[in-house]
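The numbers here are math on the coordinates, done by the rules we state, and not lab data. None of the values given here were measured: they were computed from a predicted structure. When we count neighbours, we look across all protein chains shown, and the Cβ atoms used for this are built from the backbone with ideal geometry, even at glycine.
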Amino acid sequence: MKKILISLFFILTFFNSFSQDNDNITKIKLEHWDISNNNEIKMKGYELSLYSIYKVLDNWYKIPPPFTKDNETKLNWIDSSTWYYNSKFNLDNDDLNISNNIELVLDRVNTYAKVYINDKLIGSTFNEFLKYHFNIKPYVHSGENSIKIIIEPTINYLNYNSEEYTTLNSEKRVIARKAQYRFGWDWFPKMLSVGFKDVHLEIYNNQMPKIEFANIQTLSIDKDTAAMILNIGISNLENKILYFKVKGYKI
């Protein structure tokens, strides 16, 4: 697979998009899950429609209403637990033999998760605001397949040396790529929570260009001007024409 690296010197904003014919994509939505933690909570066949584990537990009458009185102080064990989401999906021979791509798409995973297909680790997540795509074709087979998502407590990732990130000991939460109100706000109790908004498979045959990574480096800052470089790594560019739309703004 060929990859190219594009570097742009800029004082502007960069936009790009790759089109995909949705008619050629088969989507399999994973809606029913068995949910458990490392203590005593076990829920089978839950229909995934609620983003927060607090809402799931409340819906199943496993906890008192979390937004009533001081119940939040009685529910700290939820954020200290490791949560396990298990589901299954079926693929046929056409899915495997005709399609070049079988991707697992995870949207808004909250937050630090490891993803397994048929008990093999295929990737991890660390940012609640991203949509993750994992190539799972090497790990699946015809018939029934299993998926397991293990979401670890956020607090496990906040035990770091504050000096490394120049953060205050009392503000270590800022390093976590998740909605900051979950740590407690004037209008919201402290509920770090776990969960995800959507999980589905995408099965398609063509190879679309894919951004493998992107990062920005600041080269210099002079008064009101910053010189920066944007690096983008893109794969699947064989026999394709690539267009970039670039807009600049005067600040």
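Values as computed for the structure displayed
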item	result
Cα gyration tensor shape for segment 69-162, rounded if a/c is under 1.5, else prolate or oblate	prolate
Cα shape, segment 103-217, gyration tensor, a/c 1.5 rule	prolate
Cross-link pairs beyond the 30 Å C-alpha cut-off, checked among 42/69; 55/172; 44/131; 88/190	88/190
Approximate spin-label separation residue 181-residue 133, in nm, with each point projected 7 Å along Cα-to-Cβ	3.0 nm
Pairwise label distance in nanometres, residue 171 with residue 24, each label 7 Å out on the Cα-Cβ vector	4.9 nm
Label point distance in nm, residue 73-residue 226, each placed 7 Å from Cα along Cα→Cβ	4.3 nm
Shape call, segment 22-208: gyration tensor on alpha carbons, a/c limit 1.5	prolate
Estimated FRET transfer efficiency (residue 60, residue 237; beta-carbon r; R0 51 Å; 0.05)	0.60
Only Lys, Arg (+1) and Asp, Glu (-1) charged, at Cβ; segment 22-208 dipole about Cα centre in debye	380 debye
Trypsin sites (Lys or Arg not before Pro) restricted to segment 63-138 and DSSP loop, no more than 10 other C-beta within 10 Å	69
Gain in span if fully extended, residue 141 to residue 90, counting 0.36 nm per residue against the direct Cα distance	17.5 nm
